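Heads up: the structure comes next, in structure tokens.
The values are calculated or read from the model by the stated rules, or taken from the named source; none is laboratory data. Keep in mind the model is a prediction, meaning the values are calculated, not measured. When we count neighbours, we look across all protein chains shown, and the Cβ atoms used for this are built from the backbone with ideal geometry, even at glycine. Only protein heavy atoms, including side chains, enter the accessible area calculation; ligands, DNA and RNA are left aside. Shrake-Rupley method; radii C 1.70, N 1.55, O 1.52, S 1.80 Å.
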Amino acid sequence: MSIKRLTPLIAVGLLTVALATACSSSDSDSGGPASTDSSSVLGAPKAATGTPVSVGFISEGKGAAIDNTNEIQTAKAAAAYVNEYLGGIGGHPITLEVCETRADTATAISCANQLVEKKVVAVLAGALADDASSHKVVTQAGIPFVIASGGSAEVLDSTDLTYAFMASPVTTLAAPAAYAKANDIKSVGAVIIQVPTVTGQWEDLGKPLYSAAGLDLVTTPIAPGTPDMTPQIQSLIRDNPEMVQVIGNASFCLSAFQGLQTLGYSGKISSIPQCVDETVVDTLGDSLDGQLVTSTTSLDPDEASYQLYKTVADKYQPGTDLGGSATTGFVSVLGFARALESGGLAGDVTNESVNTAMKASKDVDLPLGAGIKFTCSARPIAILPAVCSPNTLVGTLTAEGVVSDPEIVDSQPLFAAIG
């Protein structure tokens with residue numbers, strides 16, 4: 001099976017950057033270790049002393065319908081931390097060249113061209129609704145493209161100059177199936193939003209993954225905007241599936257959760273990060289307690305990788321909203337630096353030396369990954385060759401909307417079975 005057969009799930013307006021981020025509490029700054037000594041978290045300073053190198057960073061930034069300013073802020077914070085505490089990249093400090101697409105394809109192409117003209121050594125991104133447009137320009141110029149969470153077929157099917165630490169199909173489709181298999185769950189009901197891009201990828205990739213996991217699967221697509229899903233859900237749970245997976249935006253998921261609650265469903269409920277926004281938390285409260293959420297990042301305040309995230313942001317970009325898209329900016333920049341260190345970057349920092357080091361990176365700690373590691377030297381998913389990790393976090397939701405006790409789920413065996 002090739003990813004070229006799949007429609008890019010992340011390209012849908014309702015499933016964009018939030019797909020790559022973890023749920024936090026309804027307070028966008030999800031707290032943190034107020035008493036933690038920052039020096040113990042940051043480690044000993046190790047300043048970069050070489051000549052600065054330019055690294056591009058593409059973000060949707062702030063536009064008419066979107067505000068991902070916090071992604072840029074955490075990317076800048078991560079770059080400052082890398083320069084002052086990790087010795088930069090290959091001993092050279094990073095100069096982050098930021099360009100905002102404002103979720104517009106023409107602007108994304110313009111951003112990519114600007115960064116090519118600036119001769120950056122790599123272009124980074126957190127998560128983009130349209131990652132394909134900038135990726136094409138950048139890689140055709142021979143520049144490595146590194147993204148925290150890739151979504152489009154064009155990016156995920158790339159075999160050179162492209163590195164996606166994580167991927168939306170892994171989080172949304174494979175992780176729940178892998179979790180169910182690992183926990184001896186035999187039957188799953190899926191409630192998915194009925195839009196072509198989502199149902200198309202569910203048919204092409206989701207169903208084969210669930211089949212590979214040996215699960216009995218019943219799928220119920222429901223049109224967006226359906227206020228009362230009780231009749232459809234009643235049919236879905238007639239045979240009492242052990243778990244129900246919900247995929248949609250927050251308003252869709254709210255209706256689905258309410259339908260399950262009305263019908264007294266007592267099995268496990270699993271969803272994706274954008275299912276649980278402030279409105280959902282305020283409306284459902286205690287009934288959310290114990291639900292499962294798949295994600296690529298952990299915002300658990302007790303987790304060491306989150307403590308580093310918060311401490312770095314507080315030091316270099318105080319006041320930044322640490323929820324939503326903020327995580328992907330931090331993950332892309334710090335993950336890039338860690339990968340280059342792992343891959344042995346040395347000497348002149350060029351497009352070629354960066355690409356060589358990225359290709360050699362192995363067992364790198366994913367920032368905010370709560371123990372997830374990524375390896376770009378041996379891509380783990382044959383049908384998604386740009387992806388460096390098949391792992392995802394599955395955590396338990398609290399009544400306050402915080403995902404706690406994340407555990408790592410490995411989806412590689414399922415992809416291998418269908419690939």
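The string of couplings for segment 234-245 from the Karplus curve (6.51, -1.76, 1.60, θ = phi - 60°) is 4, 5, 4, 9, 4, 8, 6, x, 6, 9, 10, 9 Hz, one whole number per residue in order, with x for Gly and Pro.
Using every Cα-Cα pair within the chain, state what percent have a distance larger than 41 Å. Counting every Cα pair in the chain, those more than 41 Å apart make up 11 percent.
Between THR230 and SER404, 0.36 nm times their residue separation minus their Cα-Cα distance comes to what? The partial results should precede the final answer.
Details: separation 174, 0.36 × 174 = 62.64 nm, distance 2.90 nm.
Between THR230 and SER404, full extension yields 59.7 nm more.
Any of LYS76/LYS310; LYS315/LYS362; LYS62/LYS136; LYS181/LYS207 with alpha carbons more than 18 Å apart? Name them for me. Exceeds cut-off: LYS315/LYS362; LYS62/LYS136.
At an R0 of 35 angstrom, the distance between the Cβ atoms of ASP37 and ASN113 translates into a FRET efficiency of 0.20.
Only four residue types carry charge here, +1 at the Cβ of Lys and Arg and -1 at the Cβ of Asp and Glu. Report the dipole size of segment 162-241 about the Cα centre in Debye, rounded to the nearest 20.
Numbers: 4 positive and 6 negative charges, 21 e Å.
That gives segment 162-241 a dipole magnitude of about 100 debye.
Under 15 Å from a point 7 Å along the Cα-to-Cβ line of THR159: which residues of segment 346-390 have their amide N that close? In segment 346-390, the label zone of THR159 (backbone N under 15 Å from the point 7 Å along Cα→Cβ) covers 378-387.
Compute the distribution of all C-alpha to C-alpha distances in segment 366-411, in bins of 5 Å from 0, and list the percent of pairs in each, rounded to whole numbers. Bins of 5 Å from zero give 5, 22, 22, 20, 14, 9, 6, 3, 0 percent of pairs. Quote the Stokes-Einstein diffusion coefficient, in whole µm² s⁻¹, for segment 324-381, based on the Kirkwood radius over alpha carbon pairs, a temperature of 4 °C and a viscosity of 1.567 mPa s. Calculated translational D: 110 µm²/s. Accessible surface computed residue by residue for the chain, with neighbouring protein chains in place and a 1.4 Å probe, gives 36 Å² per residue. Counting only Cβ charges, +1 for Lys and Arg and -1 for Asp and Glu, the dipole size of the chain around its Cα centre is about 1060 debye.
What's the carbon and sulfur percent of the chain's accessible surface, probe 1.4 angstrom, rounded to a whole number? Numbers along the way, then the final one.
Working: 7080 of 15080 Å².
C and S fraction of accessible area: 47 percent.
Compared with the alpha-carbon gap, the fully stretched path from ASP184 to THR51 is longer by 42.4 nm at 0.36 nm per residue.
From the residues SER255, GLN245, THR230, which one has its Cα farthest along the dipole of segment 132-287 in the positive direction, the dipole being from +1 and -1 charges on Cβ of Lys/Arg and Asp/Glu about the Cα centre? With unit charges placed on the Cβ atoms, the residue in question is GLN245.
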